[in-house]
Amino acid sequence: SVSSFLRIMEPSNTRINELVRSVKAYSDMDQSPVQEVDIHEGLESTLTMLNHRLKSVNVTREYDRTLPKLTVYGSELNQVWTNIIDNAVDAMDGKGRLWVRTRREGDRVKVEIADNGPGIPAEIQTRIFEPFFTTKGVGEGTGLGLDISYRIVVERHKGSIRVASQPGDTRFEVCLPIDDEL
């Protein structure tokens, strides 16, 4: 019957609307280069955009919702979140646990993206932000994602990005200034 068909279609319609909203939020950040943004909106848009890769990943959000808005290049930060989360999913082979945390540290906002994958070997951790350095096979990665992320965070936003990794616990920490003029 029509009513049972509509009940079946409702979740799909809701999902499509959510995806359209996220694509709009993700891409609207390009409209003006520097914007005042809620860091959580960018993180959520990125997670929605990567939802197809997160099907077997348990995502835990630990957000400090009292954080102030930041004056940033929103679309560029979305690229940072995309690169880090995408790498984490690859490292976990598409299944595992991903944590996305935010908190204030003095005059900075810290965004931490962590996973429980195999970790980054200690001997290459100092090289992961180098251009063209990749641990992926030929044709799988360009080695530019983390280099670009480093440039966006450090050079464009006067922030910092670092990694701490051991098997079962890899954490990328991005710190961004709260009251900085870009």
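The numbers here are math on the coordinates, done by the rules we state, and not lab data. Quick caveat: nothing in here was measured; it's all calculated off a predicted structure. FYI the Cβ positions are ideal-geometry reconstructions off the backbone, even for glycines, and counts take in every protein chain you see.
Order these peptides, 170-179, 73-82, 115-124, by their mean beta-carbon neighbour count within 10 angstrom, highest first.
So the peptides 170-179, 73-82, 115-124, ranked by packing, come out 73-82, 170-179, 115-124.
Find the Rg to Rh ratio for region 53-182, where Rh is the Kirkwood radius over alpha-carbon pairs and Rg uses the same atoms.
That ratio is 0.96, to two decimals.
How many percent of the alpha carbon pairs in region 76-135 exceed a separation of 12 Å?
Pairs farther apart than 12 Å: 74 percent.
Ranked from highest to lowest mean number of other Cβ atoms within 10 Å per residue, what is the order of the peptides 128-134, 159-165?
Highest-to-lowest ranking by the protection proxy: 159-165, 128-134.
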